[in-house]
Amino acid sequence: QVQLVESGGGLAQAGGSLRLSCAASGSIVSINAMGWYRQAPGKQREVVATITSGGITNYADSVKGRFTISRDNAKNTVYLQMNSLKPEDTAVYYCAADVQYIGGGSYWYRYWGQGTQVTVSS
């Protein structure tokens with residue numbers, strides 16, 4: 001009923017940039033917070049950045065000053081601009097959204113994208 005579709009992952013050189021996009025679609029009533037998470041091999045999933053419906057952002061210390069999260073509420077889309085990439089940024093990146101959907105009452109549901117691979121070479 002609700003899907004998050006990610007795009008923009010790929011291979012970058014250290015110091016390079018990538019821009020990830022994630023669009024939510026389906027039987028959406030409203031979307032609250034959206035965010036990006038990542039999981040590297042052998043590590044737990046960690047939050048990268050989040051943004052509220054009003055545009056308040058929060059970042060992991062490891063990406064502050066390098067990554068920027070933004071959203072376009074009219075398009076139900078969240079973005080992650082990644083600059084000054086480091087090999088340590090290599091991971092599968094997942095977008096997430098807290099959604100109220102048609103028929104779901106007043107509950108907020110956490111939806112996840114399928115993940116997109118980001119690889120940063122030395």
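The table for this structure:
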{"item": "Selection within the stretch 97-113 - within 21 Å of the chain's Cα centre (by Cα) and surrounded by 12 or more Cβ atoms within 10 Å (Cβ to Cβ)", "result": "A97, D98, V99, Q100, Y101, W108, Y109, Y111, W112, G113"}
{"item": "Filter result (assigned to a strand (DSSP E or B) and open to solvent by 30 Å² or more (accessible area, probe 1.4 Å)) within the stretch 1-15", "result": "Q3, V5, S7, L11, Q13"}
{"item": "Extreme residue, farthest from Q1 (Cα to Cα), among residues of the stretch 22-45 that are hydroxyl-bearing (S, T, Y) and surrounded by fewer than 18 Cβ atoms within 10 Å (Cβ to Cβ)", "result": "S30"}
{"item": "Subset tally (residues that are assigned to a loop (DSSP other than H, G, I, E, B) and either among the hydrophobic types (A, V, I, L, M, F, W, C) or surrounded by 15 or more Cβ atoms within 10 Å (Cβ to Cβ) (or both)) for the stretch 46-82", "result": "5"}
{"item": "Tally, over the stretch 88-119, of residues that are touching a residue at least 60 places away in the same chain (Cβ under 8 Å) and either closer than 16 Å to R19 by Cα or assigned to a strand (DSSP E or B) (or both)", "result": "18"}
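The values are calculated or read from the model by the stated rules, or taken from the named source; none is laboratory data. Note that the coordinates shown come from a computational prediction; the quantities given were computed from them, not determined experimentally. Glycine also receives a Cβ, built like all others from the backbone with ideal geometry; neighbour counts cover every protein chain displayed. Keep in mind that these areas ignore ligands, DNA and RNA; they rest on the heavy atoms of the full protein, side chains included. Shrake-Rupley method; radii C 1.70, N 1.55, O 1.52, S 1.80 Å.
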